[in-house]
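The values are calculated or read from the model by the stated rules, or taken from the named source; none is laboratory data. Please read these numbers as outputs of a predicted model, since none were measured by experiment. With ideal geometry, Cβ positions are generated from the backbone for all residues, glycine too; neighbour counts draw on all protein chains shown.
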Amino acid sequence: MLKNSIYRKLTFLSLTCALYTSVYGMNVVRPFKFFFNPSPHYGARWQLFVQPEHGFKARGYNPSSCRVNIAHIWNPCENALTMLNGFDSECQAGQKRIQIDANSDGTRGTYTICTELDVPFGCTFVARKTLPRNILLGIYLPVFTMHLKNICMQDHTAYATAEDIRTHHYLTDNLAEHVESLGCINMCPWHRTGLGDLAIVADWLQDFVQGRPVLRNVRLNGRAGLTLPTGKKEDLNKILAIPFGYNGCPTILFGGGLNAALGSYCHIGFDVELRSIFGRTLCQRIKTDPAQTELLLLQQADVYTDYSLEQQYTLYAEVYDLAPHTSFKIAYQFFKRGDSTLSVCGTCFSNTIAQTAEQIQERNWHEILVNATYDLGYLTREYIRAIPSLSLYAEIPYKGKRVIVCPILGATLNIDF
């Protein structure tokens with residue numbers, strides 16, 4: 001009975017973050033989702049499942065935690081004049097700044113960019129092996145498709161002065177063309193498809209039977225794992241072309257929690273996960289002036305990023321067997337990553353200025369997760385070893401800070417054998 005209890009509700013070994021965060025912070029790109037993992041049947045040695053999902057229109061949250069267009073998660077508008085600051089007068093951007101010979105007055109050179117990001121398809125392929133001592137070893141490989149579309153721009157520069165006219169003529173009237181020639185940034189819509197990072201995670205759990213009228217069982221769980229940088233990396237020459245992972249950086253994670261069985265139909269519990277990202281020197285776009293806005297940064301440089309620890313906290317509850325062979329779960333999750341640190345390689349650029357970027361400051365988001373499962377094992381005959389199950393789930397983000405998040409509907413198609 002103890003083993004049956006352990007394996008029957010194995011999903012509750014981890015109601016983890018499942019928040020595979022890129023440098024931008026996004027709830028979509030993730031290698032595994034323990035909250036939605038199916039429970040292996042008792043006696044099953046292997047478990048194979050896929051999790052196809054559809055994301056709806058992405059939404060952004062700015063530094064004040066207000067909901068905004070995804071292009072405004074760092075700055076409400078972009079400044080084309082400050083974009084040219086901090087460059088040597090002999091380079092192309094510096095010469096353009098001299099040619100315009102105008103200063104920003106709050107509206108001159110400013111423009112608003114709005115766009116939409118869709119995640120029409122994502123899918124995670126999973127294989128898990130049951131090992132002795134209540135350990136489950138899993139390999140998770142995600143695939144994603146993303147579209148950036150409907151890019152529109154509004155120039156706020158007036159026509160009142162000679163400075164305004166020069167700004168229009170030499171810069172903002174053909175901003176996309178100038179941005180591409182000066183910084184190799186393509187402001188056109190894009191379509192990207194590729195792998196996410198491969199995750200390898202081992203989970204452990206142990207039951208402590210209580211035998212009381214209300215508190216029937218207490219379960220402790222723990223996990224450890226890593227992700228390998230197999231995911232598609234950020235495209236520096238496209239706007240908001242986020243990486244499908246940690247942009248070439250491996251990670252390690254540790255987590256655990258407690259689950260309590262109350263009566264015959266209810267489980268409640270909590271879970272905590274910590275993730276450490278290994279720093280790596282990568283070519284990134286950096287600020288060359290503190291006044292610059294960050295959607296369009298012209299300068300690229302080799303930068304070492306020291307990422308802050310990621311934290312994920314989960315509270316959850318499950319009702320099961322009210323209807324035969326079914327369960328329903330709901331959870332609240334909070335994710336946070338603190339301020340990261342940039343170290344620009346060489347002496348050509350200022351670390352102090354690079355550190356003013358909003359992109360490396362703290363980000364967080366809040367989500368509600370729901371999952372409904374129907375166990376089809378009762379339909380199979382005793383001599384058939386393959387046992388299927390089906391789940392439908394949803395992720396509903398409702399608040400955040402400096403992030404892009406996306407409502408998601410998905411399914412889990414599982415077979416144990």
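The residue of segment 356-371 that is nearest to the chain's Cα centre (by Cα), among those that are surrounded by fewer than 16 Cβ atoms within 10 Å (Cβ to Cβ) and part of a strand (DSSP E or B), is I368. Among the residues of segment 160-170, are any under 30 Å from N237 (Cα atoms), of a type in the set (D, E) and surrounded by fewer than 19 Cβ atoms within 10 Å (Cβ to Cβ)? Yes, segment 160-170 has at least one match. Candidates are the residues of segment 97-114 that are under 11 Å from L81 (Cα atoms) and among the hydroxyl-bearing types (S, T, Y); the one that is surrounded by the most Cβ atoms within 10 Å (Cβ to Cβ) is T110. Applying the set (1) surrounded by fewer than 18 Cβ atoms within 10 Å (Cβ to Cβ); (2) in a strand (DSSP E or B) to K57 leaves exactly one unmet item: (2). For segment 286-294, does any single residue satisfy the condition of being surrounded by fewer than 15 Cβ atoms within 10 Å (Cβ to Cβ) and within 30 Å of T227 (Cα to Cα)? No, every residue in segment 286-294 fails to be surrounded by fewer than 15 Cβ atoms within 10 Å (Cβ to Cβ) and within 30 Å of T227 (Cα to Cα). Filter segment 267-305 down to the residues that are in contact (Cβ under 8 Å) with a residue 40 or more places away in the chain and small (G, A, S) and list them by number. Answer for segment 267-305, where residues must be in contact (Cβ under 8 Å) with a residue 40 or more places away in the chain and small (G, A, S): G269, A291, A301.
Scanning segment 119-141 for residues that are under 25 Å from E395 (Cβ atoms) and either of a type outside the set (S, T, N, Q) or not in a strand (DSSP E or B) (or both) yields a total of 14. Within segment 157-212, the residues that satisfy the criterion of being assigned to a helix (DSSP H, G or I) and among the β-branched types (V, I, T) are I165, T167, T172, V179.
The set of residues in segment 295-331 that are in a strand (DSSP E or B), within 19 Å of the chain's Cα centre (by Cα) and either surrounded by 19 or more Cβ atoms within 10 Å (Cβ to Cβ) or not aromatic (F, W, Y) (or both) comprises T305, D306, E310, Q311, Q312, T314, A331. For beta carbons closer than 6 Å, sequence separation of 6+ or different chains, a first residue in segment 150-167 that is within 28 Å of D118 (Cβ to Cβ) and a second that is among the charged types (D, E, K, R), the qualifying pairs are N150/E116. The criterion of at least 3 residues that are under 17 Å from E53 (Cα atoms) is met by the following strands (runs of 3 or more DSSP E) wholly inside segment 372-417: 387-401, 408-416.
In segment 116-134, the residues that are at positive phi reach residues that are modelled with pLDDT under 90 and of a type in the set (D, E, K, R) with C-beta atoms within less than 9 angstrom, at least six apart or across chains, in these pairs: N134/K3; N134/D207.
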